[in-house]
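The values are calculated or read from the model by the stated rules, or taken from the named source; none is laboratory data. No experiment lies behind these values; they were computed from the predicted model shown. All Cβ positions, even for glycine, are placed from backbone atoms using ideal geometry, and neighbour counts span all protein chains on display. These accessible areas exclude ligands, DNA and RNA; they are computed on the full protein's heavy atoms, side chains included. Shrake-Rupley method; radii C 1.70, N 1.55, O 1.52, S 1.80 Å.
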Amino acid sequence: MEISGNDIVGEVVADNYKAASVFKAHGIDFCCRGNRSISDVCELNELKVEDLLNELNDKLKETTTGETDYKSWPLDLLADYIENKHHKYVENTIAEIRPYLDKVTRVHGDHHPELHEIKKQFDASAGELTMHMKKEELVLFPFIKKLAMAKKENIQLEKHQFETIENPINMMRHEHDEEGERFRKIAELSNDYNPPSDACNTYRVTYALLKEFEEDLHLHIHLENNILFPGAIQLEKTLLS
């Protein structure tokens, strides 16, 4: 199926993750800001719609193996996967990056003052992401699993503390936007994670880890914003209809 300018960026990536590399090459956010049409992002980024559509359609025609179709997964399985893979990755990698970033900032911060702002942004992100993930693990994900169970068992949906699941989801999406903005700043400050010519090995490792962290965060947020959350909203509406 050919993609058109009216298609929504996040939905295109949800249908086929290969499209993510095309959007990323043009600096188009497909996770936190994935709710915009292709025509809108082309106008914002001064791109020709026809050129971007050609790139996307060519990319999606490429034959690849091992592509994971997350959109076909049951919501409870996807929620568990996000928690076990991406949440654990965030927790473990924060603990790995922090000592490196502290050392690099302490040693090189006088000659590269941008490191102080990178550290500030990353520390803020680490704290906020930790609290954000706990809210998902303790409140939102368990309710999504209840929705999935209600559908499987064909039972009536139990009453819950929020008027609709869209309320906590909107809060999570807002927090995703904030983290996306923090990492846009980090990428800009670090020259897109390219260390300066006088960087030591620790400096280079730190930038490599930060880049990997951002790339995982993009997929993490994409899976929630563009697949898990829309699926949960639709499932709740179906069960309550």
Of all residues in the range 74-123 being touching a residue at least 12 places away in the same chain (Cβ under 8 Å) and in a loop (DSSP other than H, G, I, E, B), which is surrounded by the most Cβ atoms within 10 Å (Cβ to Cβ)? His112
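Look through Ile28, Ile8 and report the one residue that is surrounded by 14 or more Cβ atoms within 10 Å (Cβ to Cβ) and more than 18 Å from Ile227 (Cα to Cα). Quick ask: steps written out before the conclusion?
Numbers: Ile8 fails: more than 18 Å from Ile227 (Cα to Cα).
Residue meeting the stated conditions: Ile28.
Scan the range 156-166 for residues that are open to solvent by 60 Å² or more (accessible area, probe 1.4 Å) and more than 27 Å from the chain's Cα centre (by Cα) and jot them down. Steps first, answer last, please.
Residues of the range 156-166 that are open to solvent by 60 Å² or more (accessible area, probe 1.4 Å), as a first pass: 156, 158-159, 161, 163, 166.
Correct list: Gln156, Glu158, Lys159.
Which of the residues that make up the range 124-155 are over 18 Å from Leu75 (Cα atoms), among the aliphatic types (A, V, I, L, M) and open to solvent by 10 Å² or more (accessible area, probe 1.4 Å)? Don't jump to the end; show me each part of the working.
So the first thing to find is which residues in the range 124-155 are over 18 Å from Leu75 (Cα atoms), and the list is 124-132, 134.
From what's left, among the aliphatic types (A, V, I, L, M): 124, 126, 129, 131.
Result: Ala124, Met131.
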So Ala148, is it part of a helix (DSSP H, G or I) and at pLDDT below 95: yes
When Pro230 is evaluated against the numbered criteria (1) open to solvent by 30 Å² or more (accessible area, probe 1.4 Å); (2) in a loop (DSSP other than H, G, I, E, B); (3) in contact with an Asp or Glu (Cβ under 9 Å, 6 or more places away or on another chain), which criterion, by number, is the only one it fails? (2)
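Name the residues in the range 9-22 that are over 14 Å from Lys71 (Cβ atoms) and either among the acidic types (Asp, Glu) or over 15 Å from the mean Cα position of the chain (by Cα) (or both), would you? Outline the logic, then answer.
So the first thing to find is which residues in the range 9-22 are over 14 Å from Lys71 (Cβ atoms), and the list is 9, 21-22.
Across the range 9-22, the qualifying residue is only Val22.
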Test: residue in the range 45-65 that is within 22 Å of Ile227 (Cα to Cα) and either touching a Gly at 6+ places or on another chain (Cβ under 6 Å) or not in a helix (DSSP H, G or I) (or both): yes
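Take the conditions acidic (Asp, Glu) and in a helix (DSSP H, G or I) and apply them to Glu163. Does it pass? Explain how you work it out, then say what you get.
Working: acidic (Asp, Glu): yes; in a helix (DSSP H, G or I): no.
Considered against the rule, which asks whether it is acidic (Asp, Glu) and in a helix (DSSP H, G or I), Glu163 comes out as no.
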